[in-house]
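The values are calculated or read from the model by the stated rules, or taken from the named source; none is laboratory data. Just so it is clear, the structure is predicted and the values come from calculations on it, not from any experiment. Please note: Cβ atoms are built from the backbone with ideal geometry, for glycine as well, and neighbour counts cover all protein chains shown.
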Amino acid sequence: MAKVHDIYGGKNPWDLPAYTIPMAARFVRLPVATLRSWVVGRSYETREGAKHAAPLIHPPEGARARFLSFTNLVEAHVLASMRRVHEIKMYKVRSAIAYVEREFDVKHALAREVFRTDGVDLFVERVGKLVNVSAEDRGQLRLALRESLKRVDYVSGIASQLYPLVRTAETVDQPKLIVIDPRMAFGRPVLFGTAIPVEEIAQRFQAGDSIEVLVEEFGVSKDLVDEALRAKILEAA
């Protein structure tokens, strides 16, 4: 039997460094500065002097220039959902994440299926105790997390696909027509059900091809082409 060549070097594709911080920020609709502070930490002044907030997201070991993995991308997606609902202090979030990871004995808890199934309530209650938020606010945070996690698919308990938000509305109840899968197109966004990169559709359109031509040549629906162009418009915004 022919030997199968492992293109991932024995590693899981979702753990490989693949995204710069600016690229990842576009995919999860965050300001670059915000995501960078989550990855490298940030300094801040107190009465006792300058202090440094530890990172929330930890890139793969040995990743150069702080390249993020797909797992990191999912973590950023989940954190972004919290940021959109409440301006919760990140050191409180960091403490709650550490608590959940200890309870379930996992790393990168936000990108694990156990977080979706059992960890959200544990996380919200922990944040609630640390921040002393109302029951109503806890309910809103819990809903935001559960809704954001509906845009993640899992394989063997690990996040394997992310359906990024590409429309201007803040709601996460958007069609899942664009998907990011580290096993396709080097982890770049593709049209759902295909391996066609969103970038390729956008470049062809910018070069003068009409939507009708793109639909015919790529053999996909107009809805998919429209969503690809919408995604690129938002990336450039």
**OP:** Mind listing just one residue for me: the one in the stretch 187-220 that is within 27 Å of the chain's Cα centre (by Cα) and of a type in the set (A, V, I, L, M) and, of those, surrounded by the fewest Cβ atoms within 10 Å (Cβ to Cβ)?
**Re:** Ala195
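Please specify each residue of the stretch 142-164 satisfying the condition of being among the hydroxyl-bearing types (Ser, Thr, Tyr) and within 17 Å of Ile97 (Cβ to Cβ).
Of the stretch 142-164, the ones among the hydroxyl-bearing types (Ser, Thr, Tyr) are 148, 154, 156, 160, 163.
Selection gives Ser148 alone.
Does the stretch 154-162 contain any residue that is of a type in the set (Phe, Trp, Tyr) and within 26 Å of Met90 (Cβ to Cβ)?
Yes: the stretch 154-162 contains one or more residues that are of a type in the set (Phe, Trp, Tyr) and within 26 Å of Met90 (Cβ to Cβ).
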Original post:
Going by the conditions given, is Asp181 at pLDDT below 95, over 22 Å from Trp38 (Cα atoms) and either of a type in the set (D, E, K, R) or touching a Gly at 6+ places or on another chain (Cβ under 9 Å) (or both)?
Top reply: no
**OP:** Kindly establish whether Ser160 is touching a residue at least 60 places away in the same chain (Cβ under 8 Å), among the small types (Gly, Ala, Ser) and either outside any strand (DSSP E or B) or surrounded by fewer than 20 Cβ atoms within 10 Å (Cβ to Cβ) (or both).
**Re:** no
Original post:
Among (1) crowded, with 16+ Cβ neighbours inside 10 Å; (2) more than 27 Å from Val127 (Cα to Cα); (3) touching a residue at least 12 places away in the same chain (Cβ under 8 Å); (4) of a type in the set (A, V, I, L, M, F, W, C), where does Met184 come up short?
Top reply: (3)
